[in-house]
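Report on the structure given below.
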Amino acid sequence: MELGLSLFSTERSGPVGDIAREAETLGFESLWFPEHMLIPVHYQSRYKRTPDGTVPESFAHLPDPFIAAAMAAQATERLRVATGICILPQREVIATAKAAATLDRHSGGRLIMGVGAGWFPEEAAILGVPSFKRRWQALREGVEALRVLWTDEEAEYSGEFVRFPPVRVFPKPVQKPHPPVHLGVHDPRFAPRRVARYADGWCPGDLPVDEAADAVASVRRAAAERGRDPEGIEFSVVLTPDEGFPTVDHMARYRAAGMRRIILRVMGAATGSGVDAVRRLHRYVELARRVEPR
């Protein structure tokens with residue numbers, strides 16, 4: 001079982017390179033950088049992970065995931081770096097493709113491209129998303145456009161939300177045909193058709209261990225129905241570590257369900273030393289090593 005970290009870093013966390021170096025030294029496989037470009041001062045949406053529904057202040061302090069991931073890659077040799085997740089409908093796709101390809105090339109092919117559609121309508125409106133209700137179509141078009149920009153010498157794309165004439169965009173990524181695109185859709189009801197259609201992996205948040213096997217099987221069935229190799233899709237789960245969770249048994253059950261990695265949220269880095277926050281999670285690396293391979 002591979003173990004990654006979702007790093008909620010802020011100005012209080014310390015240098016990203018130091019945190020990444022510590023993560024690699026302790027045996028973590030990957031470091032994922034979440035994204036919020038901004039937090040509106042006034043909003044009515046409720047955030048489901050706080051008792052009163054308010055969005056954590058730390059979300060306004062998250063670094064740009066591509067810059068942070070580049071700093072992490074520069075400070076390490078083996079650690080994979082990931083956008084976890086890049087809210088693609090809120091970004092200009094050509095600039096995003098160039099940033100990702102540059103990061104993949106200069107990290108020696110260590111990028112995992114995590115993408116999602118976003119959950120925060122007020123943020124999306126400020127950043128120019130034309131239709132929040134149709135953001136998943138905008139995401140699909142964005143992913144399709146990324147692949148064209150990463151692979152074609154003369155790339156063009158014509159969708160409803162994403163379109164550009166033939167262009168030459170370099171550098172191209174080291175990974176061939178391109179960095180893996182992992183979809184951060186949390187609801188297992190919608191994951192199968194979306195992952196099967198346009199993603200290389202699925203990384204849901206807080207998927208209960210009792211539901212993991214059926215959810216993974218549903219995605220694989222949908223992939224097979226589209227003529228894809230179900231074994232070519234990679235599965236991860238994002239969890240918040242708590243007292244007694246996850247245990248070796250939890251990890252083994254996620255692994256048996258088909259999950260390649262568990263990604264632990266490093267929430268403590270938002271308010272203090274990121275190095276110390278990563279060190280506090282080291283015991284989970286030892287637990288993961290006790291999980292038998294599939």
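Go through region 244-294 and give me each residue that's over 22 Å from Trp202 (Cβ atoms) and among the aliphatic types (A, V, I, L, M). Even if it seems obvious, please write down each step before you answer.
Initially, region 244-294 is screened for residues over 22 Å from Trp202 (Cβ atoms), giving 244, 247-249, 267-283, 285-287, 289-290, 292.
Across region 244-294, the qualifying residues are Val248, Met267, Ala269, Ala270, Val275, Ala277, Val278, Leu281, Val285, Leu287.
Taking the condition assigned to a loop (DSSP other than H, G, I, E, B), of a type in the set (Phe, Trp, Tyr) and surrounded by 13 or more Cβ atoms within 10 Å (Cβ to Cβ), does Phe170 pass? Criteria not met by Phe170. As an exercise: evaluate Thr25 against (1) touching a helix residue (DSSP H, G or I) at 6+ places or on another chain (Cβ under 9 Å); (2) free of Cβ contacts under 8 Å to residues at least 40 places away in the same chain and give the number of the one condition it does not meet. Tallying (1) touching a helix residue (DSSP H, G or I) at 6+ places or on another chain (Cβ under 9 Å); (2) free of Cβ contacts under 8 Å to residues at least 40 places away in the same chain, Thr25 fails exactly one: (1). Report every pair of residues separated by at least 6 positions or lying on different chains whose Cβ atoms are under 8 Å apart, first residue within region 39-62 and closer than 12 Å to Pro121 by Cα, second outside any loop (DSSP other than H, G, I, E, B) and of a type in the set (A, V, I, L, M, F, W, C). Pairs that qualify, where the first residue is closer than 12 Å to Pro121 by Cα and the partner is outside any loop (DSSP other than H, G, I, E, B) and of a type in the set (A, V, I, L, M, F, W, C), are Ile39/Phe59; Ile39/Ala60; Pro40/Ile126.
Has region 34-50 got any residue that is in contact with a Leu (Cβ under 8 Å, 6 or more places away or on another chain) and assigned to a helix (DSSP H, G or I)?
Step one: of region 34-50, the residues in contact with a Leu (Cβ under 8 Å, 6 or more places away or on another chain) are 34-38.
Within this subset, residues satisfying the condition of being assigned to a helix (DSSP H, G or I) are none.
No - not one qualifying residue is present in region 34-50.
Taking the conditions (1) of a type outside the set (Ser, Thr, Tyr); (2) in a loop (DSSP other than H, G, I, E, B); (3) in contact with a strand residue (DSSP E or B) (Cβ under 7 Å, 6 or more places away or on another chain); (4) surrounded by fewer than 15 Cβ atoms within 10 Å (Cβ to Cβ) in turn, Pro179 satisfies each one other than (4).
For Glu156, the stated conditions hold: it is of a type in the set (Asp, Glu) and surrounded by fewer than 16 Cβ atoms within 10 Å (Cβ to Cβ).
Readers should treat all values here as calculations from the given coordinates under stated rules, not as data from a laboratory. Not measured: the values here are computed from a predicted model. Don't worry about glycine lacking a Cβ; one is built from the backbone with ideal geometry, like all the others, and counts go over all protein chains shown.
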